[in-house]
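Everything on this sheet refers to the single structure shown next.
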Amino acid sequence: MKITFKTGGLMSDLLPAGAEDEQAVIDMAEGATIPDVMAHFDLPPDEFYLVILNDTVVPKTARPETILHDGDELGIFPPLKGG
């Protein structure tokens, strides 16, 4: 299945060559979950990220059981830091 993976900031380096607008369409196996996508990009699952699936924020506790579907848009963004 194909999903659109979006990110930003320093994490934009994770995107494949040729990606535009800080997003790329990637292939994932049917039944893939958010942690599967995180593993695909070597993102530690215990880190804090803002995760948005189809315009809805997904809390960390719900990510393992959230099944992705063909055409989904998944955004994983680094945490905001400020001072």
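Bear in mind these aren't lab numbers, they're just calculated from the coordinates by the rules spelled out. Note that the coordinates shown come from a computational prediction; the quantities given were computed from them, not determined experimentally. Quick reminder, even Gly has a Cβ in these numbers, built from the backbone with ideal geometry, and neighbours come from all protein chains shown.
A count restricted to the stretch 1-22 and to residues that are within 12 Å of residue 76 (Cα to Cα), surrounded by 12 or more Cβ atoms within 10 Å (Cβ to Cβ) and either in contact (Cβ under 8 Å) with a residue 40 or more places away in the chain or touching a His at 6+ places or on another chain (Cβ under 7 Å) (or both) stands at 6. Restricting attention to the stretch 48-75, the residues that are acidic (Asp, Glu) and either exposed (fewer than 11 other Cβ atoms within 10 Å of the Cβ) or over 13 Å from the mean Cα position of the chain (by Cα) (or both) total 3.
In the stretch 1-17, which residues are more than 11 Å from the chain's Cα centre (by Cα) and farther than 22 Å from residue 31 by Cα?
Answer for the stretch 1-17, where residues must be more than 11 Å from the chain's Cα centre (by Cα) and farther than 22 Å from residue 31 by Cα: 9, 10, 12, 13, 16, 17.
Inspect the stretch 41-51 for any residue being part of a loop (DSSP other than H, G, I, E, B), among the charged types (D, E, K, R) and touching a residue at least 60 places away in the same chain (Cβ under 8 Å) and give the result as yes or no.
In the first step, residues of the stretch 41-51 are kept if they are part of a loop (DSSP other than H, G, I, E, B); the result is 41-49.
Next cut, among the charged types (D, E, K, R) only: 42, 46-47.
Those left that are additionally touching a residue at least 60 places away in the same chain (Cβ under 8 Å): none.
No.
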